[in-house]
Amino acid sequence: MGVSRRCAGEQRGAAIVADEIRVAIDSEADIVTARQQGRALAAELGFSSGDLTLIATAISEVARNIVAYAKRGEIVLSHANQGSRRGIVVVARDQGPGIPDIAQAMQDGHSTSHGLGFGLPGAKRLMDEFDIISQVGKGTTIVMKKWARRHG
């Protein structure tokens, strides 16, 4: 189980990444670590307790898919600023078999592992932004963002 932090420069677009946490994923224990690290980073960013739970759950879902389908990959956590908005970025990356039909995989109830089929569509609903890129035989990258709500 590996967790590392490093500074990074400006990311594509308006988002600026000031800190990055990488969690290697290849077991159930790593899913827990990624969830805990994501929750801790989101707490640092001032997310509400309800949003902390949503973020942690979304991280669990995409990390679980890495273990189930690709066997190994990584979760990269970072924070982003876009104008006055602050948020968390979660990137789930693997070099597994890829997803042959993304549209089908994003349908509620679809599962190739005899599960409930709520993993990817559920994670998408929990976050504010969700993008998936997958190539059969090359792997999958999912980028999710959650923006902190303003209080007051």
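The lysines whose alpha-carbon is closer than 20 Å to the alpha-carbon of Lys71, local same-chain residues fewer than 8 away aside, are Lys138.
Phi angles across segment 122-133 convert, under the Karplus curve 6.51 cos²θ - 1.76 cosθ + 1.60 with θ = phi - 60°, into 3J(HN,Hα) values of x, 4, 4, 5, 6, 9, 7, 9, 8, 10, 9, 10 Hz, Gly and Pro given as x. Between Arg149 and Ala29, the simple spin-label model (points 7 angstrom out along Cα→Cβ) gives 3.7 nm. Sequence neighbours fewer than 8 away in the same chain don't count; with that in mind, list the lysines whose C-alpha is under 21 Å from Lys146. Partners found: Lys124. When each of the peptides 48-56, 120-128, 34-42 is scored by the mean number of other C-beta atoms lying within 10 Å of its residues, the order from highest to lowest reads 34-42, 120-128, 48-56. The convex hull built on the alpha-carbon positions of segment 34-142 has an orientation-averaged projected area of 6.7 nm².
Estimated from the Cβ-Cβ distance and a Förster radius of 30 angstrom, the FRET efficiency linking Val136 and Ser48 is about 0.20.
Any read-out appearing in this document is the output of simple, stated calculations on the displayed coordinates, not a laboratory observation. Here the structure is a predicted model, which is why all the values come from computation and not from measurement. We place every Cβ from the backbone using ideal geometry, glycine too, and count neighbours over all the protein chains shown.
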